[in-house]
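The values are calculated or read from the model by the stated rules, or taken from the named source; none is laboratory data. Quantities reported herein were computed from a predicted structural model and do not represent experimental measurements. In this analysis, Cβ positions are derived from the backbone assuming ideal geometry, glycine residues included, and neighbour counts consider all displayed protein chains. The area values use the complete protein model at the heavy-atom level, side chains included, leaving out ligands, DNA and RNA. Shrake-Rupley method; radii C 1.70, N 1.55, O 1.52, S 1.80 Å.
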Amino acid sequence: MQTTKQIEQEIKNTIEGYKLCNKKEKVLVALSGGKDSATTLYVLKKLGYNVEAFYLDLLIGDWSKKNLDATIKLCEKLKVKLHLVNIRDELGYSMCSIRGGIKSKEKLSNCMICGVIKRYLLNRKARELGAKKIATGHNLDDEIEVYFMNLLKANTDLLWGVGPQNGVTLDKKFVPRIKPLYFITNAETRKFTKALKLPVVYEKCPCSTKAGIRNDVRAMVLEFEKKNKKIKKELIKNMLELIKQNRPRKIGAIAYCEKCGEPSRNAVCKSCLLFEKMFKK
Ligand code: SF4
Ligand SMILES: [Zn+2]
């Protein structure tokens, strides 16, 4: 495993090598209270990027309270401006109520519902705050899992969008998302945040539903790793090369949701579709 200095260098290489952002543009770092987004903010700030932080309080009981507390401490420690948004102020309900309402009508996973709503609010808020990029804490383990899941489910549209920068979607209302931890593992961000004593919550979300096929993919990668310690980095580099060589020139154009006006691939965006389900009689 890499040292903290090597981890920082690898993140720097990813940012510069993939031209993820420049030092003038405002980068909004989406914090969750966890180790990955804390590492992202710490390194971007240390490298001199123009960062501000964003935290969406999902109101998931004590777990959210601990994460909010850690986020406030982290931003104070790093002297970064924090934008706090409460889901009830934005949408009128806590994440648990939204999920309960939707799941009583249709069987969808917690993380699927939560992910769609978080992405929607994050994009809207980042645009309102004048951010040119959104930096997230997605790491190498997340990306490998998502890649294999999309491959196994033949989600080709989503497959082409992978990479340290979501370069597929270029639209004035869509704030591009960057992933500086693209080549950094879960174990490495744990080591990094512990070594630097960053205020971070290591506890898992009590509503996490990252099970099923994702768990199978994780087990498969773990098996590979027993034979080759560097397999994750080799796999992701091969995947990126494969995508580069085969990505279609034209990928589904972005339109605007006819209900909320946010960017969407379909007439109505995923977030509005979820809300329709929630209020369906
Ligand atoms: S683990 Fe799932 S439910 Fe919990 S915050 Fe993340 S996406 Fe939402
Ligand atoms: Zn919409």
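Things to note:
- Extreme residue, farthest from Gly115 (Cα to Cα), among residues of the range 191-210 that are away from ligand 1 (no atom under 11 Å from the Cβ) and open to solvent by less than 60 Å² (accessible area, probe 1.4 Å): Leu196
- Where a residue in the range 197-210 is at pLDDT 90 or above and its partner, wherever it lies, is open to solvent by 80 Å² or more (accessible area, probe 1.4 Å), with Cβ under 6 Å and at least six apart: Pro199/Lys73; Val201/Lys66
- If you go through the range 30-50 and pick out every residue that is part of a strand (DSSP E or B), touching a Ser or Thr at 6+ places or on another chain (Cβ under 9 Å) and more than 14 Å from Asn139 (Cβ to Cβ), you end up with 1.
- Which listed residue is touching a Cys at 6+ places or on another chain (Cβ under 9 Å) and among the basic types (Lys, Arg), from Arg99, Arg119: Arg99
- From Leu129, Leu151, Leu140, residue being farther than 23 Å from Ser32 by Cα and of a type outside the set (Phe, Trp, Tyr): Leu151
- Residue-level check: of (1) closer than 28 Å to Ile72 by Cβ; (2) part of a helix (DSSP H, G or I); (3) in contact (Cβ under 8 Å) with a residue 12 or more places away in the chain, Val146 misses just (1).
- Taking the criterion of being closer than 14 Å to Gly163 by Cα, assigned to a helix (DSSP H, G or I) and basic (Lys, Arg), the residues of the range 218-248 that qualify are Lys233, Lys237, Lys244.
- Those residues of the range 100-124 which are within 16 Å of ligand 2 (Cβ to nearest atom) and either open to solvent by 40 Å² or more (accessible area, probe 1.4 Å) or farther than 15 Å from Ser37 by Cβ (or both), in sequence order: Ile102, Ile113, Val116, Ile117, Lys118, Arg119, Tyr120, Leu121, Asn123, Arg124
Rundown of residues vs (1) without any contact (Cβ under 8 Å) to a residue 60 or more places away in the chain; (2) among the acidic types (Asp, Glu), yes/no style:
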| site | (1), (2) |
| --- | --- |
| Lys45 | yes, no |
| Tyr49 | yes, no |
| Glu52 | no, yes |
| Leu59 | yes, no |
| Val80 | yes, no |
| His83 | yes, no |
| Asp89 | yes, yes |
| Tyr93 | yes, no |
| Ile102 | no, no |
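- The residue of the range 154-190 that is most open to solvent (accessible area, probe 1.4 Å), among those that are in contact with a helix residue (DSSP H, G or I) (Cβ under 7 Å, 6 or more places away or on another chain) and more than 21 Å from Ile134 (Cα to Cα), is Arg190.
- Taking the listed residues Lys226, Lys259, the one that is away from ligand 2 (no atom under 16 Å from the Cβ) and either charged (D, E, K, R) or under 30 Å from Glu76 (Cα atoms) (or both) is Lys226, with no other qualifying.
- Qualifying residue in the range 64-86 (condition: open to solvent by less than 10 Å² (accessible area, probe 1.4 Å), among the β-branched types (Val, Ile, Thr) and at pLDDT 95 or above): yes
- Hey, Lys133 under 14 Å from the mean Cα position of the chain (by Cα) and either open to solvent by 50 Å² or more (accessible area, probe 1.4 Å) or not hydroxyl-bearing (Ser, Thr, Tyr) (or both) or not: yes
- Single match in Asp89, Asp57 (criterion: more than 16 Å from ligand 1 (Cβ to nearest atom), closer than 29 Å to Phe279 by Cβ and surrounded by fewer than 22 Cβ atoms within 10 Å (Cβ to Cβ)): Asp89
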